[in-house]
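Below is one structure, written out as structure tokens; comments come after it.
The values are calculated or read from the model by the stated rules, or taken from the named source; none is laboratory data. Model, not experiment: these values are computed from the prediction. Here Cβ is always computed from backbone atoms with ideal geometry, including for glycine, and neighbour counts include all displayed protein chains. Note: areas computed on protein heavy atoms with side chains; ligands, DNA, RNA excluded. Shrake-Rupley method; radii C 1.70, N 1.55, O 1.52, S 1.80 Å.
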Amino acid sequence: MSNSNMNLKLKVWRQQNANDTGHFEDYRVQASPDMSFLEMFDVLNEQLITEGKDPVAFDHDCREGICGMCSMVINGRPHGPKHGVTTCQLHMRSFSDGDTIVVEPWRSNAFPVIRDLSVNRSSFDRIIAAGGYVSVNTGNAVDANATLIPKEIADEAFEAATCIGCGACVSACKNASAMLFVGAKVTQLALLPQGRAEASKRVVAMVNQMDAEGFGACTNTGACSAECPKQIPLSVIATLNREYIKAKLKGY
Amino acid sequence: MKLFSFLFTSTIGRKWLMGLTGLFLISFLLVHCSVNACIFFNDEGETFNMAAEFMGTNWIIRSMEFVLFGGLLLHIFQGLYLWKFNADARKKRYSVNAGSANSTWYSRSMGILGTLLLLFLVVHLKDFWLTSRFTDVITSGEKTLFQEMKEVFANPLPVVIYVLGCISLCYHLLHGFQSAFQTLGINHKSYTPIIQSTGRLFSIVVSLLFAAMPVAMHLDWIQ
């Protein structure tokens with residue numbers, strides 16, 4: 001790692017709990033361009049602890065871009081300025097010496113702030129619990145060629161399945177809509193024979209839960225897909241719409 | 001009716017109704033624009049008056065007027081509802097917004113553009129629809145619809161209002177045309193690019209044609 005040679009000014013959202021109104025606080029931090037954005041926050045927190053102040057609460061887990069825990073809106077963009085990366089995979093070399101960086105939590109009624117930059121995303125869990133699974137155990141693996149699935153379909157299902165449920169889509173959407181997330185889950189399961197059997201029941205249950213959680217409606221701006229760290233395509237929302245209308249017209 | 005209640009109770013149902021009514025209104029625009037474009041024959045409005053008379057007297061077309069207003073009202077009410085609903089989904093706003101980094105300004109401004117269109121529509125309906133349908137100025141033969149247009153567009157103010165209306169229409173359609181297909185669940189790797197370019201072409205051509213009408217009349221290019 002090279003020497004600390006970037007001087008940054010941070011404006012970080014501080015909020016005690018969900019009921020607190022919250023405010024920005026200014027910090028100065030020295031960081032190396034090789035650090036990840038979260039490592040830069042670790043430096044800030046060490047600094048705060050040494051000064052006897054409260055460290056900034058922020059979510060993180062794997063720090064290798066696959067768990068979906070990190071969630072920071074950096075200068076107005078979820079996961080920062082780079083395409084297709086999570087906050088933990090964003091490096092300080094994407095910024096310049098002397099920059100002022102504004103960091104806010106995901107903002108949506110359905111994601112209440114727990115503390116500072118950490119938000120409660122259990123609304124996503126409840127959507128999955130409403131139907132985002134195959135309810136019958138499939139048992140031991142059968143012969144790979146017993147059920148033929150064209151490569152294109154398998155690829156499409158896999159692409160949708162790469163969603164890590166981080167919530168950047170909700171955060172980026174001007175309507176705080178969760179349709180890219182729900183679309184990815186519905187698409188992934190509807191495309192494969194194991195999930196197809198319950199497709200209609202699933203999509204209605206998941207959309208009902210999505211609406212009950214207070215997420216907005218999609219207006220097809222495309223912001224969700226543009227900011228998605230896994231680059232889930234907008235076509236999953238069309239699939240969600242199609243599956244939902246088909247199910248409703250069938251009387252589900 | 002319970003089968004269709006989702007069109008008014010769920011987010012996707014409401015959006016579906018927006019998409020359907022949107023596409024219906026687009027089909028109306030095509031007819032409206034084609035009929036009006038008859039003024040460009042520059043034959044003192046002869047062809048245009050003939051087409052306008054057919055549209056004003058044919059009972060099928062007249063009955064469709066009710067469907068059209070029904071569709072328009074549904075589109076407006078669902079639109080306004082969703083606008084409020086979506087704004088309420090994020091009570092605490094961001095301090096820094098970087099919307100232009102991930103979407104077009106007009107895709108984020110459909111509510112404003114639609115409201116501008118609604119205001120324009122009030123002026124437009126008062127200018128022509130009320131005159132032609134609810135007074136006997138046209139039916140009595142006192143003057144033709146073409147003459148009515150010439151009179152209205154002799155003033156510069158309506159011309160400016162109409163051109164602004166057409167600009168709002170253009171941006172509303174630029175997003176709305178392809179967005180309607182996506183909402184209806186039509187997204188395909190070969191057809192979606194065709195839908196998108198057709199949408200762009202339609203938005204620009206129709207809006208330009210509509211905008212050219214008051215301008216051409218005001219400048220006496222059309223006699």
For this session: Looking only at segment B:2-51, count how many residues are within 13 Å of chain A (Cβ to nearest Cβ), more than 21 Å from B:N187 (Cβ to Cβ) and not in a helix (DSSP H, G or I).
Result: 1
For this session: Could you list, in sequence order, all residues of segment A:68-84 that are open to solvent by 10 Å² or more (accessible area, probe 1.4 Å), assigned to a loop (DSSP other than H, G, I, E, B) and in contact (Cβ under 8 Å) with a residue 40 or more places away in the chain?
Result: A:M69, A:H83, A:G84
Exercise. Among the residues of segment B:100-138 satisfying the criterion of being in contact (Cβ under 8 Å) with a residue 60 or more places away in the chain and in a loop (DSSP other than H, G, I, E, B), which is surrounded by the fewest Cβ atoms within 10 Å (Cβ to Cβ)?
Worked result: B:T104
Problem set entry | Subset of segment A:10-58 that is in contact with a Gly (Cβ under 9 Å, 6 or more places away or on another chain) and away from chain B (no Cβ under 14 Å) - its residue that is farthest from A:P81 (Cα to Cα) | A:Q16
Exercise. Of B:F146, B:F177, which residue is within 14 Å of chain A (Cβ to nearest Cβ) and under 23 Å from the mean Cα position of the chain (by Cα)?
Worked result: B:F177
For this session: Six or more apart or on different chains, Cβ under 6 Å: which pairs go from a residue in segment B:57-85 that's modelled with pLDDT of 95 or more to one that's not in a helix (DSSP H, G or I)? Could you list them?
Result: B:L82/A:A217
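Matching residues to (1) open to solvent by less than 60 Å² (accessible area, probe 1.4 Å); (2) β-branched (V, I, T):
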| site | (1), (2) |
| --- | --- |
| B:E142 | no, no |
| B:F153 | yes, no |
| B:G176 | yes, no |
| B:T183 | yes, yes |
| B:I186 | no, yes |
| B:T192 | yes, yes |
| B:Q196 | no, no |
| B:R200 | no, no |
| B:I204 | no, yes |
Problem set entry | Qualifying helices (runs of 4 or more DSSP H) (wholly inside segment A:163-248; at least 2 residues being modelled with pLDDT of 95 or more and more than 7 Å from chain B (Cβ to nearest Cβ)) | A:168-172, A:179-190, A:199-212, A:223-227
Seminar exercise, completed: Reported set for segment A:229-241 where residues are under 10 Å from A:T187 (Cβ atoms) and open to solvent by 10 Å² or more (accessible area, probe 1.4 Å) is A:P233, A:S235, A:T239
Exercise. Taking segment A:131-158 as the search range and keeping residues that are open to solvent by 80 Å² or more (accessible area, probe 1.4 Å) and part of a helix (DSSP H, G or I), which one is farthest from A:L234 (Cα to Cα)?
Worked result: A:K151
Exercise. Which residue, of A:N140, A:N109, A:N120, is touching a Lys or Arg at 6+ places or on another chain (Cβ under 9 Å) and more than 30 Å from A:D34 (Cβ to Cβ)?
Worked result: A:N109
